[in-house]
1. Run ARG96 past the list (1) more than 16 Å from the chain's Cα centre (by Cα); (2) in a helix (DSSP H, G or I) and report the number of the one that doesn't hold.
2. Can you find a residue that is among the β-branched types (Val, Ile, Thr) and in contact with a Lys or Arg (Cβ under 6 Å, 6 or more places away or on another chain) anywhere in segment 40-50?
3. Restricting the first residue to segment 145-161 and requiring it to be in contact (Cβ under 8 Å) with a residue 60 or more places away in the chain, which pairs with a second residue that is surrounded by 13 or more Cβ atoms within 10 Å (Cβ to Cβ) and of a type in the set (Asp, Glu) meet a Cβ separation below 7 Å and a spacing of at least six or different chains?
4. Which numbered condition in (1) over 18 Å from MET59 (Cα atoms); (2) in a loop (DSSP other than H, G, I, E, B); (3) more than 17 Å from the chain's Cα centre (by Cα) is the only one that GLY114 fails?
5. Six or more apart or on different chains, Cβ under 8 Å: which pairs go from a residue in segment 116-133 that's in contact (Cβ under 8 Å) with a residue 60 or more places away in the chain and surrounded by 18 or more Cβ atoms within 10 Å (Cβ to Cβ) to one that's in a loop (DSSP other than H, G, I, E, B) and of a type in the set (A, V, I, L, M, F, W, C)? Could you list them?
6. Count, please, the residues in segment 73-107 that happen to be surrounded by fewer than 15 Cβ atoms within 10 Å (Cβ to Cβ) and charged (D, E, K, R).
7. Which of the residues belonging to segment 1-19 are outside any helix (DSSP H, G or I) and surrounded by 13 or more Cβ atoms within 10 Å (Cβ to Cβ)?
8. Does GLN77 satisfy being touching a Phe, Trp or Tyr at 6+ places or on another chain (Cβ under 9 Å) and at pLDDT below 95?
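The values are calculated or read from the model by the stated rules, or taken from the named source; none is laboratory data. These numbers come from a predicted model, not from an experiment. Counting neighbours? That spans all protein chains shown, and the Cβs are built from the backbone with ideal geometry, glycine included.
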Amino acid sequence: MIQTVVHNNIKECVDVIRNSFFTVANEFGFTAENAPRFTAFATTEQRLSWQLNKEQRPMYAFVVDNRIIGYYSLALQENKECELNNLCVLPQFRHRGIGEKLLLHSFETAKNLGCSKMNIGIVEENKILKKWYESFGFTHIGTQKFDFFPFTCGYMERTLL
C-alpha cells in the first residue's frame, strides 16, 4: 500500500533510500570518496526532514506489514513541472511491480498537484534504468557531466496528460 510520508517515517525512508541506491553505487563503483553527493551517501535525516517540512515536498512510501520498502518524492518546480526524486525499492523486494506502482502513483499525484510535466535525473550509464523509464513514456533530453560525480547525469522528461 502507498502511504503519505510523515515526519515519524523519515529515518526509515532514509534507510530505504540509502540501501536501495547503494546497489547502484556497488554496480557502478561509486564510493563515498569518489561520489559523496550520490544519493546512497548524501541522503540524511536532516536533508529529508528539510524537504518534507520546509520545502513541503510530497513524499510517499510503499508499505508492507508496517515496513517501508519503497519511496519517492516530488519536487515542485516552475511552469507546472515537477521532478521525481529518489524513486526506489529495497533490493529484496524488486521485480515485483512495486517500482511501477510507485511510478504510476507519482504520475497521478503530480497531475493532481497541477503538474503537466515530470522531470528526472538518472545515472546515464545505467542503461537498464533508462530503458525502464522510457517504457513509461519518458524521453531523454540531455546529459551533463559534473566534476563531483564519476558518472554522467542523464535527464529525462515525461508529459503528464
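1. Among (1) more than 16 Å from the chain's Cα centre (by Cα); (2) in a helix (DSSP H, G or I), the lone unmet condition for ARG96 is (2).
2. Yes - at least one qualifying residue is present in segment 40-50.
3. Matching pairs, first to second residue: PHE151/GLU124; PHE151/GLU125.
4. All conditions pass for GLY114, except number (1).
5. Listed pairs, sorted by first residue: VAL123/PHE151.
6. The total comes to 4.
7. Those that are outside any helix (DSSP H, G or I) and surrounded by 13 or more Cβ atoms within 10 Å (Cβ to Cβ): ILE2, VAL5.
8. Considered against the rule, which asks whether it is touching a Phe, Trp or Tyr at 6+ places or on another chain (Cβ under 9 Å) and at pLDDT below 95, GLN77 comes out as no.
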